[in-house]
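See below for the structure under consideration.
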């Protein structure tokens, strides 16, 4: 049995023991008092006196033990759930990224396991054990009364909770959309306030909010009514059972002692059972959360891992994209529709085009975050064809940190007529080892600057980190804020420009054979964007680089510019060539030049 | 009770009545337990006949009914309180207007107004009744015990205060530690969320799998630390539990001995045994509900903080008459004159003015392009004209009338229009809810939006937003333009051109639609692109909240389609017109100018460049047809200053 299992058993035992002690306390007290009224010798009461004192003391101690063990189990279970969820999320999911809101709800859902244990399972076990003990005691004293008790307990502990659960499940299917509707109306009112005010529609939107609120209130009052009825029926079940037990005992001629013990243990045995109806209501929410988590875990990854993954040989790589077609979901127009591209070692290629043209999809395909519908991406260890006219390869040896690959490369590298490796035969992790860099929406973790940078190169020394920071022109900022200052939500805020520079430093530190840069100047003001692009073009000189951008300034420096529109390459060439011919590139170039102040 | 909530409960009749009913039912049910104990003790001791079970059953029934009443009244109380708070929060936000301070973070407000207020439920329907019961029932029990058996009453009287006293002592001792621990717990949740959010970054650098072990390790370390504190923190509940059960033992054993001695009758003894736990129970119930209730208090604090926050209500923007669904063919409108007199606008908490001493007269029917860097004050000027902002100094006059009073009906196209989670048609008829489907379609056609709307799954009835279809940025912009077209009575156009690049088809469509929309209206356009600037007959450059140049371009020949050529010539011939109030733009570098003129001769003779692009409107002006000198004032001012 796992540690968690043992703790869970311990918590259940302690919880049941606490309830049993409570039952024992009232039972022995009732026996003590009614027996004493018969005025037996004092010795006859001594066991009961000891019992009363013992039960009174141990009840609290058991309860304490239950709470400790229960919380320990809950924390363990939550940690396991989170780890499992995380492991399920590690392989990239479908590209339409989950929103921040959905992510936090998913994280909230992991609390459901905690609730299931502490508020569901543990009390249910305690209630079951207590009920069984009371019924067993009754069987010894007066079987007929025990049957009455059993019936009452079944009503309060089984019928009521399952009824409440069934009704709540049905109702929550209506409450959830009503809540979502209210949230949507409120969001409209807040986010669309300018549009509403300008068109004189604010009051109408406010009225829509209140209508949604009124509809939700009706449903919530209905749920409150269900709970109230359940509470009422619980009280009736408890009280009438006690009345029934006493009636049966009195009519069957049981003595005062037996009647009192039966009546009072019956009364107390309902105490852990009555909350079960409310717990059942809560558990419907818990089970919905658990179902959502199961769905997340069951979502297949967007990219299938090859059964026998190929390694990508070390050394400079040529990337050859041929007729690539990527469709995000069947039935929708393809995001990339037959794109071809060659990136030889040391060359820099820029991808430009309007938003939604497929630029980021191309990078996602290279990083093996999406599976292409057709077409190939091949990686050649050296420039295909003759290697004499290739641009100078970067001096830095790639063998460091990949011993296996260097061997691999030696075995094949002699002929230089390699067909290359099809990216489909490469594991996603391996693909991202060779092709990665500055990705869309870089993230600042709630950690020190050092850790935020180091994640891109865990083995990097201080020297290399400082170098990456220097090349990303981040050193003044780092010196001012410090390497170990916490960043992120609670820590120091990071401006858009600093964030992009941090992402650039990560990419440079990681130093992949093929560097990908996705919109490095996204969301920056013009001045910052210009400075960053200039530094970036400086830092990537001589590196095999694929740069996705919507700004053209500085692209004179890159070797080739590919213009994508609607998933198709519409223009390609150098800056000087493209500004000579009419088309998207020249339009954009002129408009950028005109609007800019400089 | 939370003092703001109390004030709310007092002032709202529905809340007051339901809350009072809920509390009364709870207290009454608590008191009925005393009657129940009395009857049960009587029957068990043989003092009452078996027939007394009938009144006992009736008491049980009454308790059940009271429970029902309490639950339903509680439901009504919580929904009423939440509705009132929601209403007040939303009204408050409406009064603050679109230019409300950014400190009210929208996301948080949406959560607070929605799910956030649900935290009030356990406070209102659980904690408050338990407090009421705890205030009445223990005292009633004590009074009954005093009349029944003095000795037992004394034991209860002495031990009862131990519960709050010990609870407070342990609580004080562990409060800081516990709070720190709960904060750490939420930080742990934060860490997990952090890692999940940053997963794409981790994946990019091959660190995703490694992080799974970190998650495990952090959680384990955290659990060990939490359990160490909980061992102390749970002592308070141990003390509560022990005080309650030990005092029962303390009461029961002496009673047994006195019964043995014959100094007490069984009926009283059983009553004491049944009543004694009822003195402690309400206090324990209150304790267990306390924690959940505190979340409700936090939610209430947050809500009242928003309600009480400083902030001057914005002027209500002049509302459009709902009857503005005049037929699109014959709108009766007359373009107004807009006059700004020494206007200064300052956002709260800012030292620098967003607009400083701006004076400006825009003639009826004039089309003004506002240009300048982001943050210069262009959008502020637009918001001022919309009435979202009140100037600190100066005044804004429309046709000589004060803005707030005037019958000012501008059509507004914001930079990032918000599309509502309703149908496309309802989005378009935002300003004129009475518009017929034909009018909506006509507006969409005018905005070049009918093409893509027709391709949506349910056409104009397609619901947009999170759960509906998603539109591209360019399509959203065209829906916003359709909104403006659907307001035929609007006599002015205020438009904020998007800075983000849109797809080529949308860009051309937006320029063409804007030109049509500006026809016959006074138009103020925040422009970023040459094609858009070229629509204007006056270009105003704003920098740091001031007008730095203001240049009129003579009306183009009647046919706008020849705009390309006329734009070029007018720009070349009339450079000095730009230097009305602007300073020469010294930053303009000469080589930049060469770049412009260098590319100008290559200009194609017409048609649509970019073979792959499908222009929805062949007449759409194309930026490559336009010489930059024609509309960029900074260039022409430099030209005027240097070469002439």
Conditions: (1) more than 25 Å from residue A:315 (Cα to Cα); (2) more than 11 Å from every other protein chain (Cβ to nearest Cβ); (3) surrounded by fewer than 19 Cβ atoms within 10 Å (Cβ to Cβ). Residue A:440 meets all but one. Number of the miss? (2)
Can you tell me which residues in region B:423-454 are surrounded by 21 or more Cβ atoms within 10 Å (Cβ to Cβ) and under 19 Å from residue A:206 (Cα atoms)? B:427, B:428, B:429, B:430, B:431, B:432
Condition met for residue A:482 (more than 12 Å from chain B (Cβ to nearest Cβ) and touching a residue at least 60 places away in the same chain (Cβ under 8 Å)): no
Do we find that residue A:154 is surrounded by 17 or more Cβ atoms within 10 Å (Cβ to Cβ), over 30 Å from residue B:228 (Cα atoms) and more than 10 Å from chain B (Cβ to nearest Cβ) in this structure? no
Among the candidates A:73, A:125, A:52, A:148, which residue alone is surrounded by 19 or more Cβ atoms within 10 Å (Cβ to Cβ), more than 14 Å from chain B (Cβ to nearest Cβ) and assigned to a helix (DSSP H, G or I)? A:125
Could you check region B:262-272 and list, in sequence order, the residues that are within 7 Å of chain A (Cβ to nearest Cβ) and either free of Cβ contacts under 8 Å to residues at least 12 places away in the same chain or under 10 Å from residue A:37 (Cα atoms) (or both)? B:262, B:266, B:269
Restrict the check to region A:166-177 and report whether at least one residue is in the same structural domain as residue A:231 (by TED's automatic domain parsing) and more than 30 Å from residue A:237 (Cβ to Cβ). yes
If you scan region B:201-211, which residues turn out to be within 7 Å of chain A (Cβ to nearest Cβ) and surrounded by fewer than 18 Cβ atoms within 10 Å (Cβ to Cβ)? B:209
From the set of residues in region A:182-213 that are within 18 Å of residue B:78 (Cα to Cα) and more than 7 Å from every other protein chain (Cβ to nearest Cβ), which is surrounded by the most Cβ atoms within 10 Å (Cβ to Cβ)? A:212
Go through region B:62-77 and give me each residue that's closer than 20 Å to residue B:10 by Cβ and more than 7 Å from chain A (Cβ to nearest Cβ). B:73, B:77
Tell me whether region B:495-505 contains one or more residues that are away from every other protein chain (no Cβ under 13 Å) and either within 24 Å of residue B:410 (Cα to Cα) or at pLDDT 90 or above (or both). no
Let me spell it out: the conditions are (1) over 16 Å from residue A:511 (Cα atoms); (2) in contact (Cβ under 8 Å) with a residue 60 or more places away in the chain, and residue A:476 meets all of them except one. Which number is the exception? (2)
From the list A:503, A:460, A:466, A:521, which one is within 13 Å of chain B (Cβ to nearest Cβ) and in a helix (DSSP H, G or I)? A:503
Region B:385-410 - residue that is under 25 Å from the mean Cα position of the chain (by Cα) and surrounded by 19 or more Cβ atoms within 10 Å (Cβ to Cβ) and, of those, farthest from residue B:447 (Cα to Cα): B:389
How many of the residues making up region B:230-261 are more than 23 Å from residue A:25 (Cα to Cα), more than 7 Å from every other protein chain (Cβ to nearest Cβ) and surrounded by 18 or more Cβ atoms within 10 Å (Cβ to Cβ)? 1
Top-ranked residue in region A:36-49 [being assigned to a helix (DSSP H, G or I) and at the interface with another protein chain (Cβ under 8 Å from one of its Cβ atoms); ranked as nearest to residue A:131 (Cα to Cα)]: A:48
Please pick out the residue among A:217, A:231 that is within 7 Å of chain B (Cβ to nearest Cβ), within 39 Å of the chain's Cα centre (by Cα) and touching a residue at least 40 places away in the same chain (Cβ under 8 Å). A:231
Given the structure, is residue A:424 in a helix (DSSP H, G or I), modelled with pLDDT of 90 or more, surrounded by fewer than 18 Cβ atoms within 10 Å (Cβ to Cβ) and out of contact with any helix residue (DSSP H, G or I) (no Cβ under 8 Å at 6 or more places or on another chain)? yes
Those strands (runs of 3 or more DSSP E) lying entirely in region A:311-378 with at least 2 residues surrounded by fewer than 20 Cβ atoms within 10 Å (Cβ to Cβ): A:318-326, A:336-343
Counting only residues that are under 14 Å from residue A:16 (Cα atoms) and within 7 Å of chain B (Cβ to nearest Cβ), region A:55-67 contains a total of 5
Does any residue of region A:271-280 turn out to be touching a residue at least 40 places away in the same chain (Cβ under 8 Å), facing chain B (nearest Cβ under 7 Å) and touching a helix residue (DSSP H, G or I) at 6+ places or on another chain (Cβ under 9 Å)? no
Which of the residues that make up region B:41-56 are within 7 Å of another protein chain (Cβ to nearest Cβ) and surrounded by fewer than 18 Cβ atoms within 10 Å (Cβ to Cβ)? B:46, B:50
Verdict on residue A:186 being touching a residue at least 40 places away in the same chain (Cβ under 8 Å), under 31 Å from the mean Cα position of the chain (by Cα) and either in the same structural domain as residue A:80 (by TED's automatic domain parsing) or within 30 Å of residue A:250 (Cα to Cα) (or both): no
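The values are calculated or read from the model by the stated rules, or taken from the named source; none is laboratory data. Because the structure is a prediction, the values reported are computed rather than measured. Heads up, the Cβs are rebuilt from the backbone with ideal geometry, glycines too, and the neighbour counts pull from every protein chain shown.
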